Amino acid sequence: MDIIRIKGTRPLRGTVAISGAKNAALPLLAATLLTPGTHTLHNVPDLRDTGTMLLLLEKLGASWERSGTSVQVDTTGLSGSEAPYDLVKTMRASVLVLGPLIARTGHARVSLPGGCAIGARPINFHLRGFEQLGVETILEGGYVEARANGPLEGSTVYFDLPSVTGTENVLMASIMAQGKTIIKNAAREPEVGNLIDMLTGMGAEIDGRDTDLLTVTGVDFLQPVEATIIPDRIEAGTYLMAVGAAGGELTVTGCNPSHLPSLVEKLHGVGMYIEGRGDSFTVSCPVDSSGHRCSLRAVDITTMPYPGFPTDLQAQFMALMMQAQGVSIIHETIFENRFMHVAELQRLGADITIEGGSAIVRGVSRDKICGAPVMATDLRASASLVIAALAASGTTDISRIYHLERGYENMVKKLKDVGADIEKMAG
């Protein structure tokens with residue numbers, strides 16, 4: 001099994017280009033199922049998860065072709081409505097085919113999803129939304145079976161919590177339902193906006209983009225579309241925090257600074273210099289002539305739905321706080337099991353205590369952060385281990401890196417190109 005080996009304390013200097021967003025690419029790929037024809041998506045990252053979604057589309061009868069960062073998907077020959085366990089078990093976002101299959105064929109059978117072990121993440125929000133549209137849903141034998149016995153009818157769907165994939169799934173199911181569908185307490189993440197733009201390009205009528213109240217007026221016809229995946233804000237945020245851990249100065253290009261308001265505010269509080277301009281960030285955390293990075297200040301965070309602090313950046317921020325002066329309290333409100341990386345950070349020297357849904361991080365001096373063998377437990381946990389390893393003296397070997405490759409395109413090369421001593425090697 002491959003590992004990533006990092007020799008830390010090397011400042012980062014140069015430019016990092018951000019790839020397309022995994023969390024936008026997956027629902028947009030699923031949306032191609034809504035209507036027959038050839039759809040073209042640009043800025044599609046080449047990741048394990050996007051590869052899995054393309055294999056799932058192929059299993060359902062679609063064909064696809066990649067050219068660089070563009071992917072053409074032809075869904076004319078749709079021939080199935082089942083997403084089998086052998087594919088869905090590796091990626092939770094496979095559940096996103098439910099909405100478009102219901103809209104197009106009136107039937108879908110999808111295995112209960114897998115993916116990162118960061119909590120139950122039930123799909124009951126999705127199913128209740130479908131039922132409001134007139135869909136019958138059954139959970140049996142590890143599968144969700146959804147069937148519409150007639151035309152879908154617009155309705156009001158309320159989410160107890162703003163679920164991103166729930167919002168996306170109900171949106172896709174409702175765009176050809178009769179009448180109006182109102183989605184209350186909808187997720188406002190930029191990835192949802194990206195999907196709305198694609199659906200609008202296909203002919204959907206959706207009002208309320210970037211708000212928590214979406215109104216969908218059903219249409220009778222959709223057309224194939226050309227759409228572009230937004231930049232990955234989570235990847236961008238990860239590199240911003242890598243500079244804080246390692247020191248140095250980076251220009252992070254091909255991103256959208258407006259998508260990371262809460263992180264930018266927190267990094268200012270930490271004591272880093274960060275400026276967003278156009279489609280790039282400039283971020284620095286100076287090092288002196290002896291290679292010592294500037295001191296960081298401890299800052300508290302609470303994960304919240306957008307525009308609050310993203311849960312997908314919580315683990316990386318914790319790695320940054322390992323060596324900050326003072327005590328940081330990190331409160332996780334989205335996923336109940338998203339502190340699995342703590343034990344691995346402790347192996348590198350972190351002083352972290354878990355109390356319920358909060359992690360108390362007591363900063364330690366940088367000379368106490370030392371390399372060690374560690375194991376990734378989920379996608380974002382793997383990124384936190386990379387950040388911690390960049391700050392650690394000595395060598396860190398990170399195993400189970402397939403988690404990292406699910407969501408970060410060419411991270412080893414990107415970091416190597418800006419001065420990190422990092423390599424992927426056979427374990």
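From the residues in the range 172-208 that are of a type in the set (Asp, Glu) and in contact with a strand residue (DSSP E or B) (Cβ under 6 Å, 6 or more places away or on another chain), which one is farthest from GLY308 (Cα to Cα)?
Here the answer is GLU205.
Mind checking whether some residue in the range 377-400 is β-branched (Val, Ile, Thr), closer than 24 Å to PRO11 by Cβ and free of Cβ contacts under 8 Å to residues at least 40 places away in the same chain?
No: the range 377-400 contains no residue that is β-branched (Val, Ile, Thr), closer than 24 Å to PRO11 by Cβ and free of Cβ contacts under 8 Å to residues at least 40 places away in the same chain.
Residues that are among the hydrophobic types (A, V, I, L, M, F, W, C), buried (at least 24 other Cβ atoms within 10 Å of the Cβ), outside any loop (DSSP other than H, G, I, E, B) and outside the structural domain of PRO45 (by TED's automatic domain parsing): does the range 179-187 have at least one?
Checked the range 179-187: no residue is among the hydrophobic types (A, V, I, L, M, F, W, C), buried (at least 24 other Cβ atoms within 10 Å of the Cβ), outside any loop (DSSP other than H, G, I, E, B) and outside the structural domain of PRO45 (by TED's automatic domain parsing).
Determine which single condition CYS255 fails, assuming it passes every other condition in (1) free of Cβ contacts under 8 Å to residues at least 12 places away in the same chain; (2) assigned to a loop (DSSP other than H, G, I, E, B).
Only one criterion is unmet by CYS255, namely (1).
Any residue in the range 158-167 that is assigned to a helix (DSSP H, G or I) and farther than 26 Å from PRO257 by Cβ?
Scanning the range 158-167, I find at least one residue that is assigned to a helix (DSSP H, G or I) and farther than 26 Å from PRO257 by Cβ, so the answer is yes.
Going by what's in this entry, would LEU250 be described as in the same structural domain as THR282 (by TED's automatic domain parsing) and of a type outside the set (D, E, K, R)?
Answer is yes for this residue.
Across the range 31-51, which residue is farthest from ILE196 (Cα to Cα) among those that are surrounded by 19 or more Cβ atoms within 10 Å (Cβ to Cβ) and of a type in the set (Val, Ile, Thr)?
Out of the qualifying residues, it is THR50.
I'd like to know if the range 368-375 contains one or more residues that are among the basic types (Lys, Arg), touching a Gly at 6+ places or on another chain (Cβ under 8 Å), at negative phi and in the same structural domain as ALA298 (by TED's automatic domain parsing).
Scanning the range 368-375, I find at least one residue that is among the basic types (Lys, Arg), touching a Gly at 6+ places or on another chain (Cβ under 8 Å), at negative phi and in the same structural domain as ALA298 (by TED's automatic domain parsing), so the answer is yes.
Residue-by-condition table, conditions (1) at pLDDT 95 or above; (2) out of contact with any helix residue (DSSP H, G or I) (no Cβ under 9 Å at 6 or more places or on another chain); (3) within 17 Å of VAL364 (Cα to Cα):
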site	(1), (2), (3)
LYS266	yes, no, no
SER280	yes, no, no
SER328	yes, no, yes
THR333	no, no, no
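Kindly indicate which of VAL192, VAL219 is modelled with pLDDT of 95 or more, among the aliphatic types (A, V, I, L, M) and buried (at least 16 other Cβ atoms within 10 Å of the Cβ).
When all the criteria are applied, what remains is VAL192.
So that you can scan it fast, the table gives a plain yes or no per residue for (1) closer than 24 Å to GLY166 by Cβ; (2) among the basic types (Lys, Arg); (3) assigned to a strand (DSSP E or B); (4) not assigned by TED's automatic domain parsing to the domain that holds GLY8:
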{"position": "ASP312", "(1), (2), (3), (4)": "yes, no, no, no"}
{"position": "MET318", "(1), (2), (3), (4)": "no, no, no, no"}
{"position": "SER328", "(1), (2), (3), (4)": "no, no, yes, no"}
{"position": "ILE334", "(1), (2), (3), (4)": "yes, no, no, no"}
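Taking ASN169, is it in contact with a strand residue (DSSP E or B) (Cβ under 9 Å, 6 or more places away or on another chain), polar (S, T, N, Q) and modelled with pLDDT of 95 or more?
Considered against the rule, which asks whether it is in contact with a strand residue (DSSP E or B) (Cβ under 9 Å, 6 or more places away or on another chain), polar (S, T, N, Q) and modelled with pLDDT of 95 or more, ASN169 comes out as no.
Given the structure, is GLY68 on the phi > 0 side of the Ramachandran plot and not assigned by TED's automatic domain parsing to the domain that holds ASP421?
yes
Is it true that some residue in the range 6-25 is crowded, with 21+ Cβ neighbours inside 10 Å and farther than 30 Å from ILE422 by Cβ?
No: the range 6-25 contains no residue that is crowded, with 21+ Cβ neighbours inside 10 Å and farther than 30 Å from ILE422 by Cβ.
Within the range 328-367, how many residues are aliphatic (A, V, I, L, M) and at positive phi?
0
Which condition number does VAL95 fail, the rest of (1) over 23 Å from ASP378 (Cβ atoms); (2) hydrophobic (A, V, I, L, M, F, W, C); (3) in contact (Cβ under 8 Å) with a residue 40 or more places away in the chain being met?
All conditions are met except number (1).
Among (1) crowded, with 24+ Cβ neighbours inside 10 Å; (2) modelled with pLDDT of 95 or more; (3) not basic (Lys, Arg), which single condition is ASP300 missing?
(1)
Can you tell which of SER289, SER295 is exposed (fewer than 13 other Cβ atoms within 10 Å of the Cβ) and modelled with pLDDT under 95?
SER289
Could you tell me which numbered condition THR50 fails, if it satisfies all but one of (1) under 30 Å from ALA315 (Cα atoms); (2) polar (S, T, N, Q); (3) modelled with pLDDT of 95 or more; (4) out of contact with any helix residue (DSSP H, G or I) (no Cβ under 7 Å at 6 or more places or on another chain)?
The number of the failed condition is (4).
Among the residues of the range 224-252, write down those that are within 30 Å of LEU34 (Cα to Cα) and outside any helix (DSSP H, G or I).
Hits for the range 224-252 are PRO224, VAL225, GLU226, ALA227, THR228, ILE229, ILE230, PRO231, ASP232.
The values are calculated or read from the model by the stated rules, or taken from the named source; none is laboratory data. Not measured: the values here are computed from a predicted model. In this analysis, Cβ positions are derived from the backbone assuming ideal geometry, glycine residues included, and neighbour counts consider all displayed protein chains.
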